[in-house]
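Visitor: Here it is, the structure in full.
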Amino acid sequence: MNNEHLCGLIELVGAQRDRAAFSELFLYFGPRFKGYAMRTGCRDAEAEELAQEAMISVWRRADSFDRLKANATTWMFAIVRNKRIDLVRREKYPSAELEEVEQRPADTADPGVTYDAAKAGEVLRQALKTLPLEQEQVMQKAFFEEKSHSVIAEELQLPLGTVKSRIRLALSRLRISELEAYA
Amino acid sequence: MIRHHPPLDLLFDYATGSLPEAVALTIAVHLENCPECRKTVGQIESVGGALLETLPPVEIADHSLDSVLARLDEPPAAQRQTARVASVPQEPFVPRVMRPYLKGALENLPWRRIGGLFEEALLPISGAAQRVSIVRARNGGFVPMHGHGGPEYLAVLSGGLRSNGETLERGDYAYSNASDFHEPVVDAYDECVCLLVLEAPLKFSGSYGETLDPLYQM
């Protein structure tokens, strides 16, 4: 499903409480949320619960989604990340980015650069496949094992500086700084 | 204008969900006022989004969608708390993400005066191993020279302070660790209010050590 379509679904949920749109989102993201949950160590029942609770979060927060600020999967990631922390760590994860959009000071978007979310997403997915092993390893530990830089360094018995540079290299390989330039 | 930001690795750890709640709070407070860092965090979250799509999807139970649809009209448990929090008149500079952590108005927190130099109110975060507080000082106030046993995270909420030659103002962020020493001073503003999170005790220099060290154990 492309980003355009997914954004449209989230907006329908947010603006009109559209259950058909929500169901479509559920059928697409539910199994992906569950996959994420299991990859972070949840067993089947727990992962199932996490996926459901995250989708309920989607229903509740859809009216604050802004397709100009993030693509659909980015927003979904933030939702499921916070729900994982809520259910598994039993902690809140304060998130400015999921707050009501209109309450925040205006983002200074560069009018000369349009963010093509679809293209950026595809570039990212391709680039992920080409990460060198040691960069992939630290990214996996960060995203799926909720390990901070210092925890990764300790676990892999590496200097903190090495972990920092592997992550920065991975981010630049993923063209993070160049995503904005795709138009 | 915000000139001091969290280091990239801290923003990264925040975006991947790897920070403890108290530390994440300091980042969220900064993000609420910093579009630049919000953009950076968004870019890292987009990696999370791409990972979400490259992971093999796992089949959801048949009845799941129906049981979720049945629950959509439930009011969230947090709604009552949010309503209560929203009804408390609060200083405008208190970030929205911070409001649920304050039991009442900022003014009514259990402020403790520290020797006429500054005031502090502890902010309990359930389950947190970190020491979380709001610190405020008037013009002429300062926090005496001290070193750190571990990481310190500071978000300036209002006013400004000067530390090691740098001026930090509302929206600015300062990360310090065990190799850092400083004596933040409020000399260019009427008042400065900050959110402070410590992961280890502070060690005050000279005669202040005796009186202040005990207050900054964990």
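The values are calculated or read from the model by the stated rules, or taken from the named source; none is laboratory data. Note that the structure is predicted; figures quoted are calculated from it, not measured. Counting neighbours? That spans all protein chains shown, and the Cβs are built from the backbone with ideal geometry, glycine included. Protein only, heavy atoms only, side chains kept; ligands, DNA and RNA dropped before computing areas. Shrake-Rupley method; radii C 1.70, N 1.55, O 1.52, S 1.80 Å.
Visitor: Can you give me the number of residues within the range B:13-27 that are in a helix (DSSP H, G or I), surrounded by 24 or more Cβ atoms within 10 Å (Cβ to Cβ) and facing chain A (nearest Cβ under 7 Å)?
Guide: Qualifying residue count for the region: 3.
Visitor: If you take the residues of the range A:156-172 that are closer than 21 Å to B:GLY49 by Cα and facing chain B (nearest Cβ under 10 Å), which of them is nearest to the chain's Cα centre (by Cα)?
Guide: Looking at the filtered set, the residue picked out is A:LEU171.
Visitor: Kindly indicate whether A:ALA153 is open to solvent by less than 60 Å² (accessible area, probe 1.4 Å), part of a helix (DSSP H, G or I), more than 10 Å from every other protein chain (Cβ to nearest Cβ) and modelled with pLDDT of 80 or more.
Guide: Yes.
Visitor: Return the only residue of A:PHE29, A:PHE33, A:PHE77, A:PHE22 being modelled with pLDDT of 95 or more and at the interface with another protein chain (Cβ under 7 Å from one of its Cβ atoms).
Guide: A:PHE77
Visitor: If you take just the strands (runs of 3 or more DSSP E) that sit entirely in the range B:85-197, which of them hold at least 3 residues that are in contact with a Cys (Cβ under 9 Å, 6 or more places away or on another chain) and either modelled with pLDDT of 95 or more or closer than 26 Å to A:ARG89 by Cβ (or both)?
Guide: Because the criterion is at least 3 residues that are in contact with a Cys (Cβ under 9 Å, 6 or more places away or on another chain) and either modelled with pLDDT of 95 or more or closer than 26 Å to A:ARG89 by Cβ (or both), the strands (runs of 3 or more DSSP E) in the range B:85-197 that meet it are B:131-138, B:152-163.
Visitor: Taking the range B:152-174 as the region of interest, how many residues are open to solvent by 60 Å² or more (accessible area, probe 1.4 Å) and either of a type in the set (D, E, K, R) or in contact with a strand residue (DSSP E or B) (Cβ under 6 Å, 6 or more places away or on another chain) (or both)? So that I can check it myself, show each step before the final result.
Guide: Taking the range B:152-174 and keeping what is open to solvent by 60 Å² or more (accessible area, probe 1.4 Å), we get B:162, B:164-166, B:170.
With the extra rule that they be either of a type in the set (D, E, K, R) or in contact with a strand residue (DSSP E or B) (Cβ under 6 Å, 6 or more places away or on another chain) (or both), the set shrinks to B:162, B:164, B:166, B:170.
Qualifying residue count, the range B:152-174: 4.
Visitor: Being in contact with a Ser or Thr (Cβ under 6 Å, 6 or more places away or on another chain) and more than 21 Å from B:ARG96 (Cβ to Cβ) is the requirement here; does B:GLU183 meet it?
Guide: Criteria not met by B:GLU183.
Visitor: Among the residues of the range A:10-19, how many are part of a helix (DSSP H, G or I), open to solvent by 40 Å² or more (accessible area, probe 1.4 Å) and within 11 Å of another protein chain (Cβ to nearest Cβ)?
Guide: Just the residues of the range A:10-19 that are part of a helix (DSSP H, G or I), to begin with: A:10-16, A:19.
Now restrict to residues that are open to solvent by 40 Å² or more (accessible area, probe 1.4 Å): A:11-12, A:15-16, A:19.
Filter again for within 11 Å of another protein chain (Cβ to nearest Cβ), leaving A:19.
Counting residues in the range A:10-19 that are part of a helix (DSSP H, G or I), open to solvent by 40 Å² or more (accessible area, probe 1.4 Å) and within 11 Å of another protein chain (Cβ to nearest Cβ) gives 1.
Visitor: Hey, B:GLU45 hits all of (1) more than 16 Å from the chain's Cα centre (by Cα); (2) more than 25 Å from A:PHE29 (Cβ to Cβ); (3) facing another protein chain (nearest Cβ under 8 Å) but one; which does it fall short on?
Guide: Condition (2) is where B:GLU45 drops out.
Visitor: Has the range B:206-214 got any residue that is farther than 18 Å from B:GLY116 by Cβ and among the hydroxyl-bearing types (Ser, Thr, Tyr)?
Guide: No, because not a single residue in the range B:206-214 is farther than 18 Å from B:GLY116 by Cβ and among the hydroxyl-bearing types (Ser, Thr, Tyr).
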